Amino acid sequence: MTKMKYYEETSALLHQFSEDNQQYFEELWDSFNLAGFLYDEDYLREQIYLMMLDFSEAERDGMSAEEYLGKNPKKLMREMLKEAPRSSIKESLLTPILVLAVLRYYQLLGDFSKDPLLTVNLLTFLGQLLLFLVGFGLVATILRRSLVQDSPKMKIGTYIVVGILVLLVVLGYVGMASFIQEGAFYLPAPWDSLSVFTISLVISIWNWKEPIFRPFVSMIVAHLIVGSLLRYYEWMGISNVFLTKVIPLAVLFIGIFVLFRGFKKIKWSEI
């Protein structure tokens, strides 16, 4: 079965259980939320589905989840993770690359709306990519070990170390963007606008399909409008403060207003 099919079948089984047994499996599934990023998610979903399928017969015989599987779902989770295969290298690399791509896109969009000249620095991007890959690899390794540990003190120590690593990655990301000047070049018109608009169109279409990301389209549009205005003013030689400062700020504030309004309209129960 596919990942979504496992999810649907698991949800259907869950609603057939009594309230106490539902709570047990919900706690078990919550324990796997982080593990899904570190281990083979398809394997974990399959194991939970098969476990619930077996228990559905036991429940009809009057057994509770605690009697059938043990009183501690977190301990059960740790035992399962010891046998679970790790996520593939492709999936492990995809997460930090995707996070960096999103951050770099919004930074590019911000640069596009701040200045009529768009600067691109490939050396900074490669440095940030390497930093994200190393940082994510270390964090994933540490968290993977912490998930199978019983000691509360070890877990607290693990979270402190992970927090420090994340902070170092964030500081490194900001530092590279601020201090590395080598490798920077200006993207001339109209290629700057064409590149940003093309990337934005693709991301906006993807965002619009996902209700939780749909509000961000307003900010993308606002930054594109501001960037286009700045380039028009530069081309026409316009330096009026109202046109070059006030109107762009007003457009960005409208984008922020629509963004928050969009979040209020989201039906979180349906996501």
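Counting each pair of different Cα atoms once, what's the Kirkwood radius of region 109-253 in Å, rounded to one decimal? By the Kirkwood definition, the hydrodynamic radius is 18.4 Å.
The residues neighbouring residue 162, those whose beta-carbon lies less than 12 Å from its own, together hold a net charge of +3 under the Lys/Arg +1, Asp/Glu -1 convention. Over region 89-187, all Cα pairs binned in 10 Å intervals from 0 give whole-percent P(r) values of 14, 39, 27, 14, 6, 1, listed from short to long.
For the chain, the dipole from Cβ point charges (+1 on Lys and Arg, -1 on Asp and Glu) about the Cα centre works out to 1120 debye, to the nearest 20. Backbone geometry of region 210-226 corresponds, through the Karplus equation with coefficients 6.51, -1.76 and 1.60 at θ = phi - 60°, to 3J(HN,Hα) couplings of 9, x, 6, 9, 4, x, 5, 4, 4, 6, 4, 4, 4, 5, 5, 5, 4 Hz, x marking Gly and Pro. Dipole of region 152-258 (Lys/Arg Cβ +1, Asp/Glu Cβ -1, origin at the Cα centre): which of 191, 157, 168 lies farthest to the positive side? Positive-most Cα among the choices belongs to 157. A simple count of charges around residue 199, restricted to other residues whose Cβ falls under 14 Å of its Cβ and scoring Lys, Arg +1 and Asp, Glu -1, yields -1. Over 32 Å apart: what share of the alpha carbon pairs of the chain falls there, rounded to a whole percent? Value for the chain (Cα pairs over 32 Å): 45 percent. The orientation-averaged shadow of the Cα convex hull for region 3-83, equal to a quarter of the hull surface, comes to 4.8 nm².
Straightening the chain between residue 177 and residue 14 buys 53.9 nm, computed as 0.36 nm per residue apart minus the Cα-Cα spacing. Between residue 184 and residue 142, the simple label model (points 7 Å from Cα in the Cβ direction) yields a spacing of 3.2 nm.
The value given for region 45-84 is a Kirkwood hydrodynamic radius of 10.7 Å, derived from the mean inverse Cα-Cα separation. Packing, taken as the mean count of other beta carbons within 10 Å per residue, orders the peptides 110-116, 196-202 from highest to lowest as 110-116, 196-202. Computed over neighbours whose Cβ is under 14 Å from that of residue 177, the net charge equals 0, Lys and Arg +1, Asp and Glu -1.
Over the residues of region 191-270, compute the C-alpha Rg and express it relative to 2.2 N^0.38 Å.
Here the Cα radius of gyration is 1.28 times the empirical estimate.
Of the GluC sites (Glu not before Pro) found in region 178-271, those in coil by DSSP whose Cβ has at most 15 other Cβ atoms within 10 Å are 182.
Note on residue 93 and residue 58: the extension gain reaches 8.5 nm, defined as 0.36 nm multiplied by sequence separation minus the Cα-Cα distance. For the pair residue 130 and residue 72, label points projected 7 Å from Cα toward Cβ lie 4.4 nm apart. With the highest mean first, a sort of the peptides 174-181, 20-27 on other beta-carbon atoms found within 10 angstrom per residue produces 20-27, 174-181.
Since every read-out is calculated from the coordinates, none of them should be taken as a lab result. Everything numeric in this text was worked out from a predicted model, so none of it was measured. So basically every Cβ, Gly included, is an ideal-geometry build from the backbone, and we count neighbours across all protein chains shown.
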